[in-house]
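Have a look at the structure below, then the notes.
Readers should treat all values here as calculations from the given coordinates under stated rules, not as data from a laboratory. Predicted, not measured: the structure shown is a model, and the values here were computed from it. Reconstructed Cβ throughout: ideal geometry from the backbone, glycine too, with neighbour counts over all protein chains shown.
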Amino acid sequence: MTSAECGVSDSSCLLGLPSEVWTRIVGSLPSRDVLNLDAACPQLVDRAYWSNFKKLDLASYLHCEYGVDRPERFDKAASYVIRRVGRHVRELALRRFLVNEYGMGNGLENALLEYIGENLRSLSIEYRLLEWPWLAKFVSQIGGKLRMLSLSCIFLRYCDSLTSDKVIRLLKSCRNLHIFHLRFHQEVNLAEISDAIPASLTCLKINGCPIVGRDILCVLRRCPSLNALSFTCMYPMHSRLGSFPNLRALEIDGAIGATQPIHPDFLGSFPNISRLEIASALASRELICSLSALSSLEDISLSGAHPYVTDPEQVAHCVEALSTLPSLMRLNVERNSILAHELIARIRDFHALEKLNLSFTPVTRDLATLSLPGFRSSTIRSLFLRSFSDCGMQTKTTQDLRHLTAQRFPFLEDLHI
């Protein structure tokens, strides 16, 4: 069937099959076959496939099935896909394609400018080498209706990286943003861009950028609806910022060399957080014990291989405080061997816990420790006991571990080992 034949009528093109049948057929094909069919029957594929395509990650879409293995081939295939799907897509991700491939070719850049339509609401660009004039033009063209913008590890030709003034220019085109991610840009200072951040923001992730406490305060005051915040702690966070009850999720990771723990007063600024993720190297005994006052906490992560708290007595106090949280449903201590070992003996005291992650700690393969009386729960449904390598793990050990968890956790649905 030729393109001309496909355009005659719906009945001749669809061979009498309902549209939803063709949608299932085309949707089950590898991307290579979809593009081949599209070249022959563009109207059929547009109705049955492209018009339903709302979310596109170019690297995943082309690399996994199409077999594009060179940047120039990727540019050609990607620009073709954008021409076909651009006016339909609502979420677009432009990520690094190959290990040594960072830049985008002219074909893809031109296609994005020409074919991305007004339906786009989410744009994510990661590990890309771009030209600043192109990026500024593209964001100004689509920014008015964007609700989510993510820029991670962006490199610019002839000027190395994003700077505060460039980010300000981009934000001025995106006045209706709800979600803004800006990660790993050392030249961007939150204090300098805070006045340009849209007041409509509900989620801000600014990991890997210089930030101090007063910068966070400026953003919290400017964005009253902010309910999720993520940043990298490069400088001490000692002071209480006030009271911001709307913030529900807080993530704090640590920069290399950061040894000052987060002060409990800082966390006291967010009395209603339900999700807290903090690097174990930044979590002191005082901070962890202070979490018992945050009764709305449902999800806590204290992962990391270099915990600040190492004294056994202090660790016991931390676990005791965590066990008093009435709504704690998810707890992650991945790679935190000190805290994981104490949790094994006390997990039965966590009466609301449904998900526990002890992965990449020595206890995950220590059957003697896992056999302690306290390692049992009638509420846990998901348990993570992954190790760094299972190459030397005997089948009998795996069987013993499954048998043990089946006895100790009667309502367990997912075991990851």
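The residues packed around Glu114, meaning those with a beta-carbon under 12 Å from its beta-carbon, carry a net charge of +2 if Lys and Arg are +1 and Asp and Glu are -1. What the phi angles of the stretch 408-417 give under the Karplus curve with 6.51, -1.76 and 1.60, with θ = phi - 60°, is a coupling list of 7, 10, x, 9, 5, 10, 10, 10, 10, 10 Hz, glycine and proline written as x.
Ordering 225-236, 154-165 by mean Cβ neighbour count within 10 Å, with the highest value first, yields 225-236, 154-165. Rounded to the nearest 10 degrees, what's the angle between the helix 71-85 long axis and the longest principal axis of the chain, both from Cα atoms, 0 to 90? It is inclined by approximately 80 degrees.
Which order results if Asp265, Asp38 are arranged by neighbouring Cβ count within 10 Å, fewest first? Present the calculation step by step, with values, prior to reporting the outcome.
Values: Asp265 15, Asp38 20.
Result, fewest neighbours first: Asp265, Asp38.
Its Cα centre serving as origin, the chain has a Cβ charge dipole (Lys and Arg +1, Asp and Glu -1) of approximately 600 debye.
Quote the charge dipole size of the stretch 274-417 about the Cα centre in Debye, to the nearest 20; the model charges only the Cβ of Lys and Arg (+1) and of Asp and Glu (-1). Provide the component values of the computation, followed by the final result.
Details: 14 positive and 16 negative charges, 78 e Å.
Charge dipole, the stretch 274-417, about its Cα centre: 380 debye, nearest 20.
Annotation for Ser225 and Val21: the two label points, set 7 Å from Cα along the Cα-Cβ direction, are 4.5 nm apart. Working from label points 7 Å from Cα in the Cα-to-Cβ sense, the Asp165 to Lys355 distance is 4.4 nm.
First check a/c for the chain, with a ≥ b ≥ c the square roots of the eigenvalues of its C-alpha gyration tensor; if it is under 1.5, answer rounded, and if not, answer prolate when a/b is larger than b/c or oblate otherwise. The shape class here is oblate.
The phi torsions of the stretch 191-202, fed into the Karplus equation with coefficients 6.51, -1.76 and 1.60 and a -60° offset, translate into couplings of 4, 6, 9, 4, 5, 8, 5, x, 5, 7, 4, 10 Hz, rounded to whole numbers, with Gly and Pro shown as x.
Each peptide in 69-78, 25-34 was scored by the mean count of other Cβ atoms within 10 Å over its residues; highest first, the order is 69-78, 25-34. Helix 132-142: angle to the longest alpha-carbon principal axis of the chain, degrees 0 to 90, nearest 10? Taking Cα atoms only, the helix is inclined about 90 degrees.
Per-residue ellipticity at 222 nm, computed for the chain from helices alone with -39500 (n - 2.57) per DSSP H run of at least four residues, works out to -10000 deg cm²/dmol. The 3J(HN,Hα) values that the Karplus relation (6.51, -1.76, 1.60; θ = phi - 60°) gives for the stretch 310-320 are, in residue order, 10, 5, x, 5, 5, 4, 4, 5, 5, 5, 4 Hz. Gly and Pro appear as x. Axis angle, to the nearest 10 degrees, between helix 213-222 and the longest C-alpha principal axis of the chain: 50 degrees. Sorting 354-364, 374-384, 333-343 by their mean Cβ neighbour count within 10 Å, with the most densely packed peptide first, gives 333-343, 354-364, 374-384. Length gained on full extension, Arg90 to Ala345, computed as 0.36 nm times the residue gap minus the Cα-Cα distance: 87.0 nm.
What net charge is computed for the residues neighbouring Arg96, neighbours being all others with C-beta under 11 Å from the C-beta of Arg96, Lys and Arg scored +1, Asp and Glu -1? Write out the running numbers ahead of the final one.
Numbers: positive: Arg95, Arg128; negative: Glu101, Glu126.
Once positives and negatives cancel, what remains is 0.
Model label points for Arg175 and Phe411, set 7 angstrom from Cα along the Cα-to-Cβ axis, are 5.0 nm apart.
Each Lys or Arg adds one and each Asp or Glu takes one away; over the other residues whose Cβ falls under 15 Å from the Cβ of Cys233, this sums to -2.
Between Ser290 and Asp366, the contour length at 0.36 nm per residue exceeds the alpha carbon distance by 24.3 nm.
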